[in-house]
Amino acid sequence: MSTEISTHKSFVRSDDEAMIVCPACDTAKKISAAQFRHRQHLVKVKCKCGHLFKVHLEFRRHHRKATELEGMYDVDPPAIGGGKIKVINLSLSGACIEVRGIHDLKVGHQGSLVFTLDNRNETVLFKKVIIKTTNGNRIGCEFIQDRAYEKELGFYLLP
């Protein structure tokens with residue numbers, strides 16, 4: 001018998017409430033996650049059935065979907081650069097991309113992404129972005145909204 005504790009994810013809503021579901025008995029319980037917002041995001045939970053598990057509280061504004069989409073990026077002046085990317089994950093408000101080779105991308109730079117969704121229509125998306133994080137070749141981008149909601153992207157991101 002393994003003593004390893006399983007880890008599960010729970011999305012925290014804007015009102016700081018999260019639904020915790022026991023993986024052993026499927027019992028669901030709504031909790032207040034406000035106390036964990038700026039501290040701890042991984043909590044141990046013991047269900048009334050006795051099952052012990054960990055829950056990672058996800059405080060993102062939107063659900064993030066793991067992807068492997070190919071595309072291109074370009075940055076706006078005064079920055080320079082552009083090239084091929086892989087979209088690692090995607091949400092309604094942004095994307096994590098992986099650039100190839102050496103780059104000079106910095107937080108605050110603006111630019112654009114063009115990538116094709118792997119849906120039935122192979123929808124091509126063009127998104128204006130601002131860089132929020134850099135970690136080696138992984139770049140976190142926030143979409144600069146020209147449309148409040150894009151139905152193709154929203155439908156693609158449905159769980």
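Things worth noting here:
- Of the candidates LEU113, LEU105, the single residue that is in contact with a Lys or Arg (Cβ under 7 Å, 6 or more places away or on another chain) and within 16 Å of LYS86 (Cα to Cα) is LEU113.
- Residue check: ILE102 meets all listed conditions (1) surrounded by 11 or more Cβ atoms within 10 Å (Cβ to Cβ); (2) aliphatic (A, V, I, L, M); (3) not in a strand (DSSP E or B) but one, namely (1).
- Considering segment 125-147, and only residues there that are exposed (fewer than 14 other Cβ atoms within 10 Å of the Cβ) and among the β-branched types (Val, Ile, Thr), the residue that is nearest to the chain's Cα centre (by Cα) turns out to be THR133.
- Residue match in segment 64-77 (condition: under 30 Å from ASN119 (Cβ atoms), surrounded by 12 or more Cβ atoms within 10 Å (Cβ to Cβ) and modelled with pLDDT under 80): yes
- Among the numbered conditions (1) among the aliphatic types (A, V, I, L, M); (2) free of Cβ contacts under 8 Å to residues at least 24 places away in the same chain; (3) touching a helix residue (DSSP H, G or I) at 6+ places or on another chain (Cβ under 6 Å), the only one that LEU57 does not meet is (2).
The values are calculated or read from the model by the stated rules, or taken from the named source; none is laboratory data. These numbers were taken from a predicted model, which means no experiment stands behind them. Heads up, the Cβs are rebuilt from the backbone with ideal geometry, glycines too, and the neighbour counts pull from every protein chain shown.
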